[in-house]
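Working notes for the structure below.
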Amino acid sequence: MIIVVNFSYICRFKNAAYSDMITVNDIAVEFGGTTLFSEVTFAINETDKIALMGKNGAGKSTLLKIVAGQNKPTRGAVSAPKEAVIAYLPQHLLTADDCTVMEETSKAFAEVFKMKAEIDQINEQLTIRTDYESDDYMKLIERVSELSEKYYSIEEVNYEAEVEKVLKGLGFEREDFNRLTSEFSGGWRMRIELAKILLKKPDLILLDEPTNHLDMDSIQWLEDFLINQAKAVMVISHDRAFVDNITNRTIEVTMGRIYDYKAKYSHYLELRKDRRVHQQKAYDEQQKFIADNQAFIERFRGTFSKTEQVQSRVRMLEKLVLVEVDEVDTSALRLKFPPSPRSGQYPVVVEHLSKTYGDHVVFKDANMVIERGQKVAFVGKNGEGKSTMIKAIMKEIEVDGGKLEIGHNAQIGYFAQNQAALLDGEMTVFETIDTIAVGDIRTQIKNLLGAFMFSGDDTTKKVKVLSGGEKTRLAMIKLLLEPVNVLILDEPTNHLDMKTKDIIKDALRDFDGTLILVSHDRDFLDGLVTKVFEFGHKRVREHFEDIKGFLEFKKMENLREIEQ
């Protein structure tokens, strides 16, 4: 039996240890006559930190839900020790609206409090009842003994201090604790659910894109927690640096099967490359072998003296197990943004800028000069003013003081975090692009869609059935069709797989205009931006270095101090 945590506390017992905690036995998933994957078998041990990798649509999230007990496979089964506790954080989830952040997060310990309340209630009954010999009285004694054994086996925990520590690590301030969860965005509510999972300290944590709504500081805190405090972990993430830092094993889902590597992500890439080289070599050799035998069969078919040899080779080819080469690596594809109209020397100039909402100061006395052709990053904790500055640049909000100038002939293209959600769900993939494409590009729509991995029947799918990653790719194509010279991208890599991120990163590297990137994806920013603007403590601080230099500088300053 698998006990799946649905955001309620499960008791933690001392000395619980399992060798093979969870075993996935020969599972398959089929729907609509299509096999997503089959014959998938692997075990999860108590110290495994597993990255579940594969392109969008390969079946990663489906496999994670099956391990969590949320979905059932077509065939096969998942087994686990009776006491094993699995906690699952899906990509999309909202908390309740009727309580504060502290109250909602404390629900992680609800079962402990419920157990204590039942023990107190039974003890009170035992003191006032006099039917000592009755069956009901004996059942009460048995129940309170059972509960007490469990309750007093739980490690002693200062619940309020634990909740506070985790919430602050995930970016909440102390003044947020008594605010209603309804006041927070979906991303911040997701952090509350993540906090509840971490507080439960389960035997296996399943995370589907946990970093999408976290800033750099919170990601580093989560990394430290998963490495040093969590037991087994299985994670789907397109943050290359994150998975490389926390995992010691990689399971790749590809072409309906899995490959299991006892290696972290960067080493897995090397092993996968070697595997594909050997596959291609074996495939080429087999194809030559098949061609040679087919030529022999055709040449001597009907020749009496060769009849037995011909039939022998026909039977041999019929029994031959064909070598398959895994899907082609699409990262070799090249995309190019259209040439940028020339802007003035300084597309964005900010002088002594201030912005407040009521009594809340977002930033004050901010200064910023972005030159034509520069690629810069806006980084910092969520809520420190990155999006506010973008809205000011886009003239969507009024500022309270200072000056903000948009340079001569600056033509801005903007990709918002919710850009994918703004697509028309009733239109097909092809129609979405066809309605905005003009001129010669209309003859290239299928090639453009193919470059973003929309091919064949994919182009006729309605937008509403696409995955989050597919919608993001489609929204990015729309941006490619706009002739702009200032690109502002707000978390463009959320929901994108590694290959697509590499394709877009290469295209942005070659973009001849000005680029402003809001992102917590260190790997994506590395080698792309040459200047960093750090938002925090009501200030905007300019760093004249790339993202590696910025992070090294912050580590010297002790990044954890920001959270404290």
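Under the condition of being modelled with pLDDT under 90 and basic (Lys, Arg), the residues counted in segment 510-537 number 1.
Based on what the data block shows, is Ile227 open to solvent by 10 Å² or more (accessible area, probe 1.4 Å), part of a strand (DSSP E or B) and either out of contact with any Gly (no Cβ under 7 Å at 6 or more places or on another chain) or charged (D, E, K, R) (or both)? No: the conditions fail for Ile227. All of Met190, Met255, Met234 fail the test of being at pLDDT below 85 and crowded, with 23+ Cβ neighbours inside 10 Å, apart from Met190.
Note on segment 47-143: enclosed helices (runs of 4 or more DSSP H) holding 2 or more residues that are under 30 Å from Asp502 (Cα atoms) and touching a residue at least 12 places away in the same chain (Cβ under 8 Å) are 60-68. Among the residues of this structure, Arg143 counts as one that is over 41 Å from the mean Cα position of the chain (by Cα) and either at pLDDT below 85 or not hydroxyl-bearing (Ser, Thr, Tyr) (or both).
Kindly establish whether Ile10 is closer than 20 Å to Ala230 by Cβ, touching a strand residue (DSSP E or B) at 6+ places or on another chain (Cβ under 8 Å), surrounded by 18 or more Cβ atoms within 10 Å (Cβ to Cβ) and modelled with pLDDT under 90. When the stated conditions are applied, Ile10 passes them.
Could we say that Glu193 is acidic (Asp, Glu), under 30 Å from Ser79 (Cβ atoms) and part of a helix (DSSP H, G or I) here? Answer is yes for this residue.
Condition (residue is closer than 27 Å to Ser455 by Cβ and open to solvent by less than 80 Å² (accessible area, probe 1.4 Å)) applied to segment 306-324: is it met by at least one residue? Yes, segment 306-324 contains a residue that is closer than 27 Å to Ser455 by Cβ and open to solvent by less than 80 Å² (accessible area, probe 1.4 Å).
There is no residue in segment 146-156 that is of a type in the set (Phe, Trp, Tyr), part of a helix (DSSP H, G or I), more than 24 Å from the chain's Cα centre (by Cα) and surrounded by fewer than 15 Cβ atoms within 10 Å (Cβ to Cβ). In the set Phe242, Phe289, Phe296, only one residue is under 26 Å from Ile205 (Cα atoms), open to solvent by less than 90 Å² (accessible area, probe 1.4 Å) and in a helix (DSSP H, G or I); that residue is Phe242. Against the definition (modelled with pLDDT under 90, acidic (Asp, Glu) and open to solvent by 20 Å² or more (accessible area, probe 1.4 Å)), how does Glu209 come out, yes or no? Criteria not met by Glu209.
Please verify whether segment 264-280 includes one or more residues that are surrounded by fewer than 16 Cβ atoms within 10 Å (Cβ to Cβ) and either closer than 30 Å to Lys391 by Cα or in contact with a helix residue (DSSP H, G or I) (Cβ under 7 Å, 6 or more places away or on another chain) (or both). Yes, the conditions are met somewhere in segment 264-280.
Conditions tested, residue by residue: (1) at pLDDT below 85; (2) surrounded by fewer than 18 Cβ atoms within 10 Å (Cβ to Cβ).
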| site | (1), (2) |
| --- | --- |
| Lys49 | no, no |
| Leu64 | no, no |
| Asn71 | no, yes |
| Ala84 | yes, no |
| Glu104 | no, no |
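Within segment 502-543, which residues are buried (at least 20 other Cβ atoms within 10 Å of the Cβ), assigned to a helix (DSSP H, G or I) and in contact with a Ser or Thr (Cβ under 7 Å, 6 or more places away or on another chain)? Those that are buried (at least 20 other Cβ atoms within 10 Å of the Cβ), assigned to a helix (DSSP H, G or I) and in contact with a Ser or Thr (Cβ under 7 Å, 6 or more places away or on another chain): Ile503, Phe524, Leu525.
The values are calculated or read from the model by the stated rules, or taken from the named source; none is laboratory data. Please read all numbers here as calculations on a predicted model, not as lab measurements. FYI the Cβ positions are ideal-geometry reconstructions off the backbone, even for glycines, and counts take in every protein chain you see. Heads up: the accessible areas ignore ligands, DNA and RNA and are worked out on the full protein's heavy atoms, side chains in. Shrake-Rupley method; radii C 1.70, N 1.55, O 1.52, S 1.80 Å.
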